[in-house]
Structure formats: C-alpha cells, structure tokens
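The values are calculated or read from the model by the stated rules, or taken from the named source; none is laboratory data. Everything numeric in this text was worked out from a predicted model, so none of it was measured. Neighbour counts are summed over all protein chains in view; Cβ atoms, including those assigned to glycine, are modelled from backbone coordinates with ideal geometry.
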C-alpha cells in the first residue's frame with residue numbers, strides 16, 4: 001500500500017485501483033503527471049493470485065485498506081483501471097462505498113464484461129470468471145444500479161481494446177464517456193494521449 005499524506009487538502013483523497021497482473025507501480029506515470037496535485041493519494045496493493053481471487057473479495061480488501069487509511073467516513077474519489085474498475089464498482093455498490101465516494105472514474109474496465117474472459121473456468125479462476133459478460137457478479141451490479149447513480153461517474157474506454165473486448169462496452173451505465181486514442185490496453189497508463197485526459201478528469205474542480 002502506498003499513501004501520500006497532505007498538509008493542506010483542497011480535494012478529497014484519491015484512491016487508485018490496479019487491475020489483473022498489475023501492481024501499484026502501474027500508476028507511476030500517472031502519479032508523476034499528477035505531480036502531487038491530488039493528495040492524499042492511496043494506491044493499495046490487491047493480490048489477485050493470477051485471477052483466482054473473486055472480485056468481491058478484492059473489493060472487501062479495498063474497503064479495508066481505505067478505512068485503515070482514511071477512517072470510516074472521509075469522502076473520497078476513486079479511479080480503477082481494467083479489472084480495478086470492476087473491483088472499485090463492486091466496493092461502491094455492494095460494499096457501501098457509495099456513501100462516501102464523490103467521483104468514480106473507470107478506465108478501460110470490463111463493466112459489461114469482456115469476451116476475453118469467456119474461455120476461463122470459474123474454478124480456479126474465479127476473479128477472471130467474474131468478468132465474463134452476464135456473470136453473476138455483473139448481474140448483481142446491474143441490479144444495484146441506483147446506488148451508482150449517487151456517485152459522479154466517468155468512463156474512459158479504448159475502442160480498439162482486445163483485452164477488454166469489445167472496447168466500447170468498457171463503460172459504466174451512468175455518467176460521461178470518453179474514448180482514448182491509444183490502440184493497446186497495456187499502454188493506456190503509459191501513453192500521454194491517454195494519460196492527459198485522465199489527469200484532466202482527476203484534477204477537475
């Protein structure tokens with residue numbers, strides 16, 4: 001877990017949630033571009049055991065780390081990349097996070113599932129199976145839609161994404177949507193063309 005304190009806080013804390021096969025280092029370029037302008041900043045490590053940990057379990061761990069860092073009531077902003085966006089959404093809708101989340105930014109996240117997850121069995125890869133279109137978890141999130149409406153949401157997606165496929169389905173059911181002009185999923189947190197609009201959203205007053 002990485003936590004950057006702030007002496008003076010103009011915005012609520014920002015939490016960044018990584019995806020499958022990633023670690024908090026995924027956000028090094030993003031953090032550099034933020035340049036300390038969003039602080040406190042929490043970047044928790046959520047070990048997924050190669051996709052075997054159910055996403056709801058990872059969402060529970062996310063909630064635990066948030067409460068440890070900021071207590072039970074501090075409002076915050078949340079951004080999730082790829083699978084991290086579904087983990088964040090699960091915490092917001094099923095873990096009570098809607099009560100304290102001001103803004104939720106989803107970046108290339110399989111909010112409606114990804115066809116790339118279809119070949120993988122639910123045992124032992126429960127976390128990957130949670131991202132299949134129409135999975136039980138995604139159906140529960142869809143049914144809990146009104147809770148998401150309490151949060152200001154924004155979705156960034158990559159139209160040519162082959163990891164979260166089809167890329168244009170990588171959007172939340174509510175909020176603004178914006179395509180990113182980068183061809184590959186694994187470059188979205190590295191290329192200026194995708195980082196610049198994401199940073200602009202995270203720094204928006």
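General remarks:
- Exactly one residue among 110, 75 is under 23 Å from residue 175 (Cα atoms), in contact (Cβ under 8 Å) with a residue 40 or more places away in the chain and surrounded by fewer than 18 Cβ atoms within 10 Å (Cβ to Cβ), and that residue is 75.
- Residue 129 vs. criteria buried (at least 20 other Cβ atoms within 10 Å of the Cβ) and either over 13 Å from the mean Cα position of the chain (by Cα) or at pLDDT 95 or above (or both): yes
- Single match in 59, 69 (criterion: in a helix (DSSP H, G or I) and either touching a residue at least 60 places away in the same chain (Cβ under 8 Å) or farther than 22 Å from residue 154 by Cβ (or both)): 69
- Any chance residue 33 is closer than 18 Å to residue 170 by Cα, touching a residue at least 40 places away in the same chain (Cβ under 8 Å), in contact with a helix residue (DSSP H, G or I) (Cβ under 9 Å, 6 or more places away or on another chain) and surrounded by fewer than 21 Cβ atoms within 10 Å (Cβ to Cβ): no
- Residue list for region 1-20, filter: part of a loop (DSSP other than H, G, I, E, B), out of contact with any helix residue (DSSP H, G or I) (no Cβ under 7 Å at 6 or more places or on another chain) and modelled with pLDDT under 95: 5, 6, 7, 8, 9, 10, 11
- Near pairs, Cβ below 6 angstrom, 6+ apart or cross-chain, from region 137-153 (farther than 23 Å from residue 201 by Cα) to any residue that is part of a loop (DSSP other than H, G, I, E, B): 137/130; 138/113
- Identification of helices (runs of 4 or more DSSP H) wholly contained in region 136-205 with 3 or more residues that are touching a strand residue (DSSP E or B) at 6+ places or on another chain (Cβ under 8 Å) yields 192-202.
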